[in-house]
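Undergrad: Structure provided below as structure tokens; questions to follow.
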């Protein structure tokens, strides 16, 4: 619970050293993602706080009155207001009341030279985060600001986690070993550090969001990764969802709300199924990309945002553009860098590592034992055309774990585009193929090593040595596929 502060010692020039000490405790990511507006009619206080906070937070702005602060607020988004209560014209508390009426989304720290308990209570009731008496020590202000920073960070993280709750079973990283997969990874590493817009194309289930997340992780951007499925939002609400809205902007808007662009400030906004976005909204998105600013629904002010856009589609935007379903100007704005994710049927070498990854991950999550796959199972996995791509493969592995076996009718390969004619999975190495063949011949000979060796065209001693070697591997838990 917050309370009125006890009066402290005046600030002095020596306090600059305390700023340096305090700043070492602040994480670097706060510099790009947290903005502060200082409102005080005393130039000395404004300059001192601005100079001190700029050492930690990159966007620090000052104003001499509530009227000037309101003009700045109309132009930029601020995460925190540090406001003197006694201001010329409109007081700090009166300004806060006007913000409350607009259902503002920022934190407020009040300063005052007068220990007025009633004003402190009024301010806290209106939603102020804290109330500090002048004169104050800089460590006291820094500590209060850091609490607000942490609160804002937790709100952002909670929002993003809530939006991604359906993806708890997604793999933590990109898995694969094929040449196509490695080429994709190289391209991600090349473009990730740039601010350029990226368009990801791929069939359903190929992992477009995973690619977008990888781009964000390698970009070095300090804000969050915020995904949104454009096809899952009704046309009437998508503008509010992306840009936010003011209280009363439309029927049902009982309070103001920040949009996804604001939550992704300093980070990456992933626009999945961009081809499903309504044409009217496409025009507004184009303007936001060009101006690097957004306008909440019901507002006349522009808010600057620093957001990297990664868009994705499972259909050709070229075709959608030709059919008049996608704006030509937005298409060229998004098509700066295009990443095409190959379908799983074109990179069958990735099936084996993906199966092993999903088996281990899902076995832990479901609390079940992983099941082995025999040669016939691998043949079916490699022969299947995988219309649902990696998502279909993951779901199949989960069903196998739940059932405790690989049902032979689980995959319908009759109409598949690719059939195996080798008799074994293509990802097997020569040693695995050799072992499988020897074990089958040995079984046909009823376990008689002499007859099996004769059938295989090797000496009994060679056959015995190989069997012993494989047995030692199994005893060490190193059995192959």
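Rule-based calculations on the coordinates, nothing more; no lab input. Owing to the predicted nature of the structure, the values given are computational and were not obtained by experimental measurement. Because the Cβ atoms are built from the backbone with ideal geometry, glycine has one as well, and the counts that use them run over all protein chains shown.
Undergrad: If I model a spin label at residue 126 and residue 445 as a point 7 Å from the Cα along the Cα→Cβ vector, what separation in nanometres do I get?
TA: 9.3 nm
Undergrad: Next up: Please give the length that would be gained between residue 55 and residue 197 if that part of the chain were fully extended, namely 0.36 nm times their separation in residues minus their C-alpha to C-alpha distance (nm, one decimal).
TA: Numbers: separation 142, 0.36 × 142 = 51.12 nm, distance 3.05 nm.
My answer for the length gained is 48.1 nm.
Undergrad: Give the share of C-alpha pairs in each 10 angstrom bin for segment 166-342, from 0 to the last occupied bin, in whole percents, shortest bins first.
TA: 9, 38, 36, 15, 2, 0
Undergrad: Nearest 5 is fine: what % of DSSP beta bridges in segment 166-342 come out antiparallel, could you say?
TA: Numbers: 4 of 22 bridges.
Beta bridges within segment 166-342, antiparallel portion: roughly 20 percent.
Undergrad: Write down, largest first, the equivalent ellipsoid semi-axes of segment 248-384 in whole Å, where each equals the square root of 5 times an eigenvalue of the alpha-carbon gyration tensor.
TA: Each semi-axis is √(5λ); the values are 41, 22, 13 Å.
Undergrad: Let me ask something additional. Just to verify a number: FRET efficiency for residue 431 and residue 42, C-beta to C-beta distance, R0 = 51 Å, to 0.05? If you can, show how the numbers build up before the last one.
TA: Working: r = 79 Å, r/R0 = 1.56.
It comes to 0.05.
Undergrad: Hey, with R₀ at 45 Å, roughly what FRET efficiency would residue 366 and residue 251 work out to, going by the Cβ-Cβ distance, to 0.05?
TA: Numbers: r = 44 Å, r/R0 = 0.98.
Efficiency, from the Cβ-Cβ distance: 0.55.
Undergrad: Where does each of 57, 34, 332 land when they are ranked from fewest to most other beta-carbon atoms within 10 angstrom? Write down the numbers at each step before the final one.
TA: Details: 57 21, 34 25, 332 11.
Arranged by neighbour count, lowest to highest, 57, 34, 332 become 332, 57, 34.
Undergrad: Report the FRET efficiency, 1/(1 + (r/R0)^6), for residue 143 and residue 291, where r is their Cβ-Cβ distance and R0 is 35 Å, rounded to 0.05. Display every interim value, and only then the final one.
TA: Details: r = 37 Å, r/R0 = 1.06.
The pair residue 143/residue 291 has a calculated efficiency of 0.40.
Undergrad: OK, next. Kindly put 430, 285 in sequence by how many other C-beta atoms sit within 10 Å of each C-beta, fewest to most. Kindly include the intermediate steps, with their values, before the conclusion.
TA: On the way: 430 7, 285 26.
The fewest-first ordering by Cβ neighbours comes to 430, 285.
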